[in-house]
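Only one structure is covered here, and it is reproduced in the block below.
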Amino acid sequence: MKLKDSETFKNLAIAYTSECAARTRYEFCEYGFRYNGYEAIATLIDKIAYQEFNHARVLYAKLQDAEMPQIDNVDVCAGLPFKEKWDLATNLKLLSQDELDEAKVYEKFEKVAREEGFDEIADIFKMIHDVEVRHANIFKELYSQFHSNKLYKKAKQVYWVCPSCGYVSYSKEAWDKCPLCEAKQGYCEVQLPDDMLL
Ligand SMILES: [Fe+2]
Ligand SMILES: [Fe+2]
């Protein structure tokens, strides 16, 4: 089967569209956090948004493997979510759900690609699936910390790092204002479990 005649071709276009929309949705949320002074969370969301851009880039490149002089149009019916609004905590929760929904779609796309004999593309769908599950866990963790007001308050002492000046303190709670450079608390690095580092 030729790629251009396959379901996988359409699925690549749907996945590409979803990744573009996800990236933009994440940037909306990133904007909200940065606007409200949560620079560190905003930076983490920005990293995830950039990873979605790279998913889109890889998928776009695969679409171009179809033997067509030029792809003028692909009709996509992608079923994209439009749930996020303006509440910061709710958005983190929704982003986590979006990632899991996206992961389920990738599971289906991988299966179809294998059935159609496009193993290399199936592998890409699988790898992106695994990243989306990871993203879902990171957003869930951020939601839980942010929602319960534990972002900068821990039960045990931890290292808090100011990315603006490099100041470090070992304490249960982060500073309100960095004692060295006076950066606000929202700049202080967020604590994520080791398997969630970005
Ligand atoms: Fe993605
Ligand atoms: Fe993702």
Kindly check whether there is at least one residue in the range 60-70 that is within 13 Å of ligand 1 (Cβ to nearest atom) and either under 24 Å from Lys47 (Cβ atoms) or assigned to a helix (DSSP H, G or I) (or both). yes
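Residue-wise test of (1) among the aliphatic types (A, V, I, L, M); (2) within 22 Å of Leu198 (Cβ to Cβ).
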| residue | (1), (2) |
| --- | --- |
| Lys62 | no, no |
| Lys85 | no, no |
| Lys93 | no, yes |
| Asp101 | no, yes |
| Met127 | yes, yes |
Which condition number in (1) away from ligand 1 (no atom under 14 Å from the Cβ); (2) out of contact with any Asp or Glu (no Cβ under 6 Å at 6 or more places or on another chain) is the one that Asn91 fails? (2)
Out of curiosity, is Val158 touching a residue at least 24 places away in the same chain (Cβ under 8 Å), of a type in the set (Val, Ile, Thr) and within 16 Å of ligand 2 (Cβ to nearest atom)? no
Examine the range 127-148 for a residue that is within 22 Å of Tyr38 (Cα to Cα) and not in a helix (DSSP H, G or I), and state whether such a residue exists. yes
Within the set of pairs 6 or more residues apart or between chains, which connect a residue that is under 17 Å from Phe9 (Cβ atoms) and assigned by TED's automatic domain parsing to the domain that holds Ile124 inside the range 39-67 to a residue that is aromatic (Phe, Trp, Tyr) and within 16 Å of ligand 2 (Cβ to nearest atom) with Cβ atoms less than 8 Å apart? Ala56/Tyr16; Leu59/Tyr16; Tyr60/Tyr16; Leu63/Tyr16
Could you go through the range 160-177 and let me know if any residue there is surrounded by fewer than 17 Cβ atoms within 10 Å (Cβ to Cβ), of a type outside the set (Asp, Glu) and under 30 Å from Glu110 (Cβ atoms). no
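The values are calculated or read from the model by the stated rules, or taken from the named source; none is laboratory data. Note that this is a predicted model, so its numbers are computed, not measured. Backbone-built Cβ (ideal geometry, glycine too); neighbour counts: all protein chains shown.
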